[in-house]
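The values are calculated or read from the model by the stated rules, or taken from the named source; none is laboratory data. Since the model is a prediction, treat every value here as computed from it, not as a measurement. Backbone-built Cβ (ideal geometry, glycine too); neighbour counts: all protein chains shown. Calculation scope for accessible area: heavy atoms of the full protein, side chains included, ligands and nucleic acids excluded. Shrake-Rupley method; radii C 1.70, N 1.55, O 1.52, S 1.80 Å.
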Amino acid sequence: MSVPNAASLKVDRSAKTLRELSLEKMRDAILNDHFKPGERLVERTLCAQLDVSRSIVREVLRHLETEGLVESIPYQGPVVARLDSGQAAQIYEIRALLEGHAARLCAEKASDDTIAGLSKLNDRIHAAFGRNDFAEVMARTADFYEAMFAGSGMTVAWGVVQSLNARINRLRAVTISSAGRRADAAAEMAKLVKALKDRDPDAAQEASQAHVRHVAAIAAKRLAELG
């Protein structure tokens with residue numbers, strides 16, 4: 001009996017599992033409104049659409065429920081979670097507290113390379129806005145905040161933000177396409193990046209929190225319009 005060598009036993013860590021791929025597909029479908037709020041998510045139909053087993057679909061739906069994108073309704077089963085204005089307000093309040101403090105500490109503690117990287121990421125966000133590539137806007141915005149939290153040393157707080165990321169991105173999808181958002185976002189983020197470059201913690205915290213307050217107001221208005 002031949003014994004496999006060590007190299008042949010190594011797991012290909014770059015390969016995504018069917019579950020991970022299915023989760024990404026379902027998450028994107030909800031964020032892009034392919035599945036509407038309140039719509040039933042029927043396991044058998046999803047198995048056919050995703051071409052995966054029922055066990056994978058169930059795992060994916062359970063995970064999306066922990067992210068707040070799916071909810072289970074008695075006698076109805078899993079449905080796409082509705083956007084709730086009260087929960088949205090709480091999410092923005094948490095964001096303002098954590099992101100504001102992260103911006104303050106980033107201005108005080110981050111390396112020059114980190115701040116230069118944040119400036120470049122901000123440029124990429126607004127280039128994506130110019131192309132109306134909202135998926136890229138959301139992806140690079142997430143990268144910006146991850147880098148800012150890393151630069152601040154607030155790794156535990158970033159874990160809290162990540163636990164809300166799916167709902168944060170869902171709200172971003174509602175707000176980024178609103179009229180005038182590109183120009184407003186550019187001005188707001190320019191103030192934040194300038195404060196970071198100037199190493200001004202007070203200005204960085206205020207710019208970050210002002211940005212969140214403004215987008216929270218836009219979200220509240222859009223959610224009211226959506227009913």
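Of note:
- Overall, the accessible surface of the chain at a probe of 1.4 angstrom is composed of carbon and sulfur to the extent of 53 percent.
- Among the listed pairs K16/K120; K197/K221; K120/K197; K120/K221; K16/K109, a Cα-Cα separation exceeding 24 Å is found for K16/K120; K197/K221; K120/K221; K16/K109.
- Interchain or long-range residues, amide H under 5 Å from V70's placed H: E65, A81
- Treating r as the C-beta distance of D198 and D51 and R0 as 45 Å, the FRET efficiency rounds to 0.30.
- Here each label is just a point 7 Å from Cα along the line to Cβ, and for A89 and K120 those points are 4.2 nm apart.
- The stretch between R82 and R213 holds 45.0 nm of extra length on full extension. This uses 0.36 nm per residue minus the Cα-Cα distance.
- FRET efficiency for the pair A224 and A127, taken as 1/(1 + (r/R0)^6) with r the Cβ-Cβ distance and R0 = 41 Å, rounds to 0.85.
- Hz values of 3J(HN,Hα) by residue in the stretch 156-164 - Karplus curve (6.51, -1.76, 1.60), Gly and Pro given as x: 5, 4, 5, x, 5, 4, 4, 5, 9
- Computed with a 1.4 Å probe over protein heavy atoms only, the accessible surface of the chain comes to 56 Å² per residue.
- Tensor-based shape of the stretch 81-197 (alpha-carbon gyration tensor, a/c under 1.5 rounded, otherwise prolate or oblate): oblate
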